[in-house]
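Q: Shown below is the structure under consideration.
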Amino acid sequence: MVLMLPIATDNGARLAAILPTGIAALSRRLGFDAVDALARSRPGGVASDVENTRGALAALPEISAFVLVVVDGLGHANLQARRGHARTLASLPARRIETVIPTTTGAALTSLTTGALPGEHGLIGYRIRHPELGVVSTLKDWGGIADRAAWQRSRPLFRLAAELGMRPIAIGRPAHAAGGLTEAILGGAEYHGGQTIAERFEIAAGLLSTGEPVLAYLYVDELDKVAHSEGWQSDRWVRRLEQLDEALDGLLRRLPAGVGVAVTADHGIVDVPEHRRLMLDADEALATDVREFGGEPRMRSLYLHPGADPETVAARFAESLGRRAWVGTRMEAISAGWFGRTAPEVAERLGEVLVTPRGESALTLTTDSEQSLAMVGQHGGLSPEERGVPLALGGSLAGSAFASTVAAVAASAD
């Protein structure tokens, strides 16, 4: 019997609202109506759709620049467990918000930079179905995608920022300066590369010193990389956290007056012991109707052979896995609100059946690489540890109504 899928009480709407709220706050300093600026960050761009946020937006400080620091893999629970190694970050006013479903980098970063949820922007998982290319990775497999604006369907907000007179900046590794995902989610931003965490924060400090109305997106991926190879509970992960905290402290000490800083993450991490990595495709009878497996070990997407009944396949996997996993059809997940409003052409990118493990376990495949099979830290699923991320505020946003305004902006999108 198929277990009923959990309802998404927060499907990442607050994560998606951070950058639109930052743009609205900065637009006030530039003489624009904040409601209009917020509306233009939404599909359709109608001010009446967000008019009910006017009171919340009026409580925002008129910031002179905005920096969004995105730390890949720094979940709220991960940070709380090691807060003694991140005294600067832990000292900032913060709250737990929830990221998108699936809790995977491509889906979450796209929501952060477009203000749209996965059901709208289309990068709805790690490995999803492209109509011509088959199942591809949203992080890596962009080579054969000619119309990238159709594959990632939402406009990056950096273009709007430029239209409003802001200077949009993206700061990350030099290796990420070009590529399909960069083009799709950072379009319109000047890209500045720094190899280390410290170099990236130094670049941000230098750009902010010019006094220009900078809108900066600063991406840190070192913690996620270490978590995958060694686990977030490893000593090396803690050292990366300490490096992040030291760099953040240096930036905050040098901030010009009026600059607001927000720190968040795309997802949290769970460490999966080797004995809890289950080979999902090992049983040929169980997988008889499955044409291909997509997703990732914490959120598998099952693409079925033509004519196979999704409910029957879901029931079979649910009986086999029992309480080790949530199992349901694609339409059940959409009805449960996992991905926000989901366009039909985006729904088809998912498999007809979705399987996500419960607890600290993973669903591997016989076709996985050795590196993937050895992965310790993982994400993609529905656990509180993966879904919860911090929203910490510094500079002119510390003590402000920014976080509550983010919540109001998110609610206006419902």
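Q: Taking the Cβ of residue 157 as the centre, find all other residues whose Cβ is under 13 Å away and add up their charges (Lys, Arg: +1; Asp, Glu: -1).
A: The answer is +3.
Q: For the range 205-249, what is the convex hull (Cα atoms) projected area averaged across all directions, in square nanometres?
A: So the mean shadow area of the Cα hull is 3.7 nm².
Q: Suppose R0 equals 41 Å; then what is the FRET efficiency for residue 95 and residue 305 from their Cβ-Cβ distance, rounded to the nearest 0.05?
A: Between residue 95 and residue 305 the formula returns 0.35.
Q: Same structure again: Calculate log10 I(q)/I(0) of the range 176-303 for q = 0.13, 0.16 Å⁻¹, where I(q) comes from the Debye formula with a single equal point scatterer on each Cα and nothing for solvent.
A: Results for the range 176-303 at q = 0.13, 0.16 Å⁻¹ read -0.75, -0.97.
Q: What number comes out for accessible area per residue over the range 5-56 if the probe is 1.4 Å? Units Å², please.
A: 39
Q: Between rounded, prolate and oblate, where does the range 326-393 land on the alpha carbon gyration tensor, with a ≥ b ≥ c its root eigenvalues, rounded for a/c under 1.5, else prolate if a/b exceeds b/c?
A: Oblate, because a/c is 1.5 or more while a/b does not exceed b/c.
Q: What is the helix-to-structure angle for 235-254, meaning the angle in degrees between its Cα long axis and the longest Cα principal axis of the chain, kept from 0 to 90 and rounded to the nearest 10?
A: Helix 235-254 and the main axis of the chain meet at about 20 degrees.
Q: Along Cα→Cβ, 7 Å out, is where each label goes; now give me the distance between the ones at residue 367 and residue 291 in nm to one decimal.
A: 1.2
Q: Roughly what angle does helix 105-114 make with the longest principal axis of the chain, taking Cα atoms, 0 to 90 degrees, to the nearest 10?
A: 40
Q: Could you report the range 307-388's accessible area per residue, 1.4 Å probe, as an integer in Å²?
A: Value for the range 307-388: 43 Å² per residue.
Q: Also: May I ask you to order 148-155, 71-78, 384-391 by the average number of other C-beta atoms within 10 Å around their residues, highest value first?
A: Result, highest mean Cβ count within 10 Å first: 71-78, 384-391, 148-155.
Q: While we're looking at this one, here's another question. Could you compute the FRET efficiency for residue 312 and residue 199, with r as their C-beta to C-beta distance and R0 at 51 Å, rounded to 0.05?
A: The computed FRET efficiency comes out at 0.40.
Q: Against the longest alpha carbon principal axis of the chain, how many degrees, from 0 to 90 and to the nearest 10, is the axis of helix 13-29 turned?
A: It works out to around 20 degrees.
Q: For a Förster distance of 25 Å, can you work out the FRET efficiency between the beta-carbons of residue 52 and residue 9, rounded to the nearest 0.05?
A: Plugging the Cβ-Cβ distance into 1/(1 + (r/R0)^6) gives 0.80.
Q: Now for a separate question. With each label point set 7 Å from Cα along the Cα-Cβ vector, what nm distance links residue 36 and residue 147?
A: According to this spin-label approximation, the distance is 3.3 nm.
Q: Also, quick follow-up: Any chance you could run the full-extension gain for residue 234 through residue 59? It's 0.36 nm times the residue separation minus the Cα-Cα distance, nm to one decimal.
A: Residue separation times 0.36 nm, minus the Cα-Cα distance, leaves 58.9 nm.
Q: If you don't mind, there's one more thing I want to ask. Take the alpha carbon atoms of the chain, find their radius of gyration, then divide it by 2.2 N^0.38 Å using N residues; give the quotient.
A: In units of the 2.2 N^0.38 Å rule of thumb, it is 0.95.
Q: Run lengths n ≥ 4 of DSSP H only: what is the helix-derived mean residue ellipticity at 222 nm for the chain, with -39500 (n - 2.57) per run over all residues, to the nearest 500?
A: It lands at -10000 deg cm²/dmol.
Q: For the chain, give the percent of accessible area contributed by carbon and sulfur heavy atoms, probe 1.4 Å, rounded to a whole number.
A: That fraction is 50 percent.
Q: When ranked by the protection proxy of mean other Cβ atoms within 10 Å per residue, highest first, what sequence do the peptides 7-16, 338-347, 318-327 form?
A: 7-16, 338-347, 318-327
Q: What are the extents of the Cα atoms of the range 76-206 along their three principal axes, in Å, largest first?
A: Principal-axis extents of the Cα atoms in the range 76-206, largest first: 49, 33, 28 Å.
The values are calculated or read from the model by the stated rules, or taken from the named source; none is laboratory data. The shown structure was predicted, so the numbers you read here are calculated from the model rather than taken from an experiment. With ideal geometry, Cβ positions are generated from the backbone for all residues, glycine too; neighbour counts draw on all protein chains shown. Accessible surface is based on the protein model in full, side chains and every heavy atom, while ligands, DNA and RNA are left aside. Shrake-Rupley method; radii C 1.70, N 1.55, O 1.52, S 1.80 Å.
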